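The values are calculated or read from the model by the stated rules, or taken from the named source; none is laboratory data. Note that the coordinates shown come from a computational prediction; the quantities given were computed from them, not determined experimentally. Virtual Cβ from ideal backbone geometry, glycine too; neighbours counted across all protein chains shown.
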Amino acid sequence: MVDSANSTSDLSSEMEVDAFRRLFPLRFHERHLLESVRPDARPLGKARDTSLALGAVGSADGSALAKIGCTTMLAAIKMEVMTPANETPDEGCIAIEFHMPAICSPIVRPGRPAEAAPVVSKQLSDTILSSGMIDLKELSLVSGKAAWMAYLDIYCLDADGALFDAALLAAAAAFSHLQIPVVSLNDEGRIVVVSKENEGEKLKNKPVNEEKRKLKLRSIPFALTCIIHKNYILADPTAEEESIMETLITIVLDSSCQLVSLYKPGGPALAYESIIQDCIALSRQRLRELQTILNEAMCDMEVD
Amino acid sequence: MEVDRADGRTANQRRPVVCTRGVLHRAHGSASWAQGETKVIAAVYGPKAGTKKNENPEKACIEVIWKPKTGQSGKQEREYEMVLKKTLQSICLLNVHPNTTTSIVIQVVNDDGGLLPCAINAACSALVDAGIPLKHLAVAICCSVAESGHIVLDPSKLEEQNMKAFIYLVFPNSITSVLPDGSKRPGGEAMEHGIVTSLTHGVMAVDEYFSCVKLGRAAAAELSDFVRNSLKLKAGNDPSKAG
């Protein structure tokens with residue numbers, strides 16, 4: 001093994017950069033880490049460029065397209081009226097589903113669901129429901145008889161690392177954009193959605209809610225995924241970095257800097273307290289950046 | 001102010017642990033781990049030849065199958081499988097048997113809180129029973145944070161649901177080294193203070209998280225002594241009990 005190490009240091013001057021990157025990926029990345037930089041010229045603690053577009057899906061009640069670097073997530077919310085459960089007669093329900101279609105990555109084959117999809121899906125449901133971002137009582141219509149069911153679907157269009165971060169951002173943006181449709185009780189005592197054609201005419205039945213309203217969101221959670229490799233912390237990894245240095249830690253903070261989730265699912269590197277403190281500091285910084293981006297996107301929507 | 005717990009334990013007291021090796025005769029290694037009412041059986045088959053399609057053939061591959069007590073396998077089971085796989089990959093010596101697959105099957109017998117830590121402990125004991133080469137053992141415990149900020153160790157299912165947050169933590173086994181500073185890292189922190197895996201559920205303050213880690217580390221050190229003693233027994237079929 002020692003001989004090959006010496007020969008690679010000789011070869012590296014003769015080999016092309018791309019070939020060296022493919023053949024010795026860990027060494028390629030570690031050379032960059034020694035200079036406190038990453039192959040895409042980012043400093044270690046900096047996340048990629050993030051952008052948000054609200055209202056990307058016209059037919060959905062709330063939608064958003066989030067991009068972090070190349071990772072792209074499309075979130076859409078459709079609302080449906082349903083009967084609430086007996087144990088919670090004045091609460092609505094949210095169903096969260098994360099899909100990774102074959103378009104997102106060469107590793108995902110059509111027909112075989114990706115390994116990461118159910119895990120990210122479960123993580124998202126847990127985070128959104130436990131963070132208390134949405135008060136389920138706001139989704140109630142008629143206590144005990146009707147309540148809203150919000151179907152949140154998040155599609156990964158391009159998987160280039162930090163999937164959970166982008167998915168959570170897209171979900172939070174979609175809920176910020178969500179407008180609950182107007183409904184009224186029809187003759188048979190059932191709730192029907194008032195469609196656009198009826199808005200101009202005088203309504204026979206009084207609508208249950210007068211106008212489209214937005215959900216009041218309490219503290220919105222934002223996530224940052226970091227890679228821990230030896231003594232380095234790399235914020236917002238790309239898919240290439242994730243596949244080489246396998247220890248990931250995802251920290252989710254809400255707007256009052258409370259810890260919603262600290263997720264480290266094993267991995268070769270151990271997380272010491274000092275490293276976790278540094279990751280939390282990076283997450284706080286990222287929280288402020290993402291809050292600014294979300295507020296700007298909301299203001300742009302309102303201007304339109 | 002002490003927190004009153006339903007079964008009369010103090011805040012820092014774990015439930016009694018029962019670990020039995022060699023429960024299944026056809027498996028290459030097996031163990032059953034019970035913490036209070038939560039019970040999990042783990043079986044290890046392997047190493048078998050060949051790796052799965054997308055896995056690196058230069059290393060051994062670990063495959064985890066999680067069987068719930070009732071119902072079909074859903075997203076929760078997939079998540080547990082992924083966390084268990086990544087945790088066990090970090091403790092196994094993957095270069096000893098390249099191009100092989102070791103399968104670990106987890107069967108949930110009863111779930112009364114702290115299911116994932118119980119499963120991780122059972123899986124480690126089963127790996128030792130099978131003789132799979134490991135770097136060190138992984139010791140898992142669960143802590144929960146009450147509304148008042150009190151931290152309670154090893155909650156039962158009812159306590160988990162009533163508390164504002166709970167955390168599953170996995171630490172490496174404490175090291176008994178011949179050298180006096182054998183287990184210290186260059187920064188001065190002992191190796192067993194590092195966290196292998198951490199899963200949290202519920203909102204808590206950052207300080208509360210670190211207090212839980214401290215408490216968890218102390219409990220894990222105790223538990224790792226128990227694991228070391230119980231796995232040292234030569235006659236694999238003797239159950240060993242500890243308080």
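Six or more apart or on different chains, Cβ atoms under 9 Å: show the pairs whose first residue is in segment A:246-258 and under 17 Å from residue A:269 (Cα atoms) and whose second is among the aromatic types (Phe, Trp, Tyr). Hits for this filter: A:248/A:263; A:249/A:263; A:250/A:164; A:250/A:263; A:251/A:263. When restricted to residues that are among the polar types (S, T, N, Q) and out of contact with any Asp or Glu (no Cβ under 9 Å at 6 or more places or on another chain), segment A:259-290 contains 3.
Of everything in segment A:239-254 that's surrounded by fewer than 21 Cβ atoms within 10 Å (Cβ to Cβ) and of a type in the set (A, V, I, L, M), which residue is farthest from the other protein chains (Cβ to nearest Cβ)? Going through the qualifying residues, I end up with A:239. Taking the conditions exactly as written (surrounded by fewer than 23 Cβ atoms within 10 Å (Cβ to Cβ), among the acidic types (Asp, Glu), under 18 Å from residue A:133 (Cα atoms) and touching a strand residue (DSSP E or B) at 6+ places or on another chain (Cβ under 9 Å)), does residue A:278 satisfy them or not? Judged against the criteria, residue A:278 is not a match. Contact annotation: residue pairs with Cβ atoms under 9 Å, 6 or more positions apart or on different chains, pairing a residue in segment B:202-230 that is more than 23 Å from residue B:18 (Cβ to Cβ) and within 12 Å of chain A (Cβ to nearest Cβ) with a partner that is part of a helix (DSSP H, G or I) and of a type in the set (Val, Ile, Thr), are B:206/A:280; B:209/A:276; B:209/A:280; B:210/A:276; B:213/A:276.
Of the listed requirements (1) buried (at least 22 other Cβ atoms within 10 Å of the Cβ); (2) at pLDDT 90 or above, residue A:97 misses just one: (1). Number of residues in segment B:86-99 that are surrounded by 18 or more Cβ atoms within 10 Å (Cβ to Cβ) and either without any contact (Cβ under 8 Å) to a residue 60 or more places away in the chain or of a type outside the set (D, E, K, R) (or both): the value is 8.
Of all residues assigned to segment B:102-114, none qualifies as being over 27 Å from residue A:96 (Cβ atoms), part of a strand (DSSP E or B), within 13 Å of chain A (Cβ to nearest Cβ) and in contact with a Cys (Cβ under 9 Å, 6 or more places away or on another chain).
Residues checked against (1) in a loop (DSSP other than H, G, I, E, B); (2) out of contact with any Cys (no Cβ under 8 Å at 6 or more places or on another chain):
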position: A:88; (1), (2): yes, yes
position: A:122; (1), (2): no, yes
position: A:127; (1), (2): no, yes
position: A:132; (1), (2): yes, yes
position: A:150; (1), (2): no, no
position: A:153; (1), (2): no, yes
position: A:164; (1), (2): no, yes
position: A:168; (1), (2): no, yes
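Within segment A:255-272, the set of residues being more than 7 Å from chain B (Cβ to nearest Cβ) and either surrounded by fewer than 20 Cβ atoms within 10 Å (Cβ to Cβ) or within 14 Å of residue A:165 (Cα to Cα) (or both) comprises A:255, A:256, A:257.
This table checks each residue for (1) of a type in the set (A, V, I, L, M, F, W, C); (2) outside any helix (DSSP H, G or I).
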site	(1), (2)
A:18	no, no
A:41	yes, yes
A:45	no, yes
A:57	yes, yes
A:103	yes, no
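Here the condition is being within 14 Å of chain A (Cβ to nearest Cβ), closer than 25 Å to residue A:122 by Cβ and modelled with pLDDT under 90; of B:81, B:55, B:63, B:77, it holds for B:55 alone. Taking every residue in segment B:32-55 that is on the phi > 0 side of the Ramachandran plot and pairing it with any residue that is among the basic types (Lys, Arg) and surrounded by fewer than 22 Cβ atoms within 10 Å (Cβ to Cβ), at least 6 positions away or on another chain, the pairs with Cβ-Cβ distances below 7 Å are B:36/B:15.
Please indicate, with yes or no, whether at least one residue in segment B:158-172 is closer than 26 Å to residue B:70 by Cα, buried (at least 19 other Cβ atoms within 10 Å of the Cβ), modelled with pLDDT under 90 and out of contact with any Phe, Trp or Tyr (no Cβ under 7 Å at 6 or more places or on another chain). Among the residues of segment B:158-172, at least one is closer than 26 Å to residue B:70 by Cα, buried (at least 19 other Cβ atoms within 10 Å of the Cβ), modelled with pLDDT under 90 and out of contact with any Phe, Trp or Tyr (no Cβ under 7 Å at 6 or more places or on another chain), which makes the answer yes. Among all residues of segment B:173-192, there is none that is within 23 Å of the chain's Cα centre (by Cα), surrounded by fewer than 16 Cβ atoms within 10 Å (Cβ to Cβ) and modelled with pLDDT of 90 or more.
Scan segment B:50-61 and tell me whether some residue there is surrounded by 21 or more Cβ atoms within 10 Å (Cβ to Cβ), within 19 Å of the chain's Cα centre (by Cα) and among the aliphatic types (A, V, I, L, M). No, segment B:50-61 has no match at all. Quick check, is residue A:25 farther than 29 Å from residue A:285 by Cβ, of a type outside the set (Phe, Trp, Tyr) and out of contact with any Lys or Arg (no Cβ under 7 Å at 6 or more places or on another chain)? So residue A:25 fails the test.
Tallying residues that are crowded, with 16+ Cβ neighbours inside 10 Å and either within 14 Å of chain B (Cβ to nearest Cβ) or charged (D, E, K, R) (or both) within segment A:285-300 yields 2. Residues in segment B:148-164 that are in contact (Cβ under 8 Å) with a residue 40 or more places away in the chain and closer than 19 Å to residue B:111 by Cβ: B:152, B:153, B:154, B:155, B:156, B:157, B:158, B:159, B:160. Counted as qualifying within segment B:24-87 are the strands (runs of 3 or more DSSP E) with 1 or more residues that are in contact with a His (Cβ under 6 Å, 6 or more places away or on another chain), namely B:38-49.
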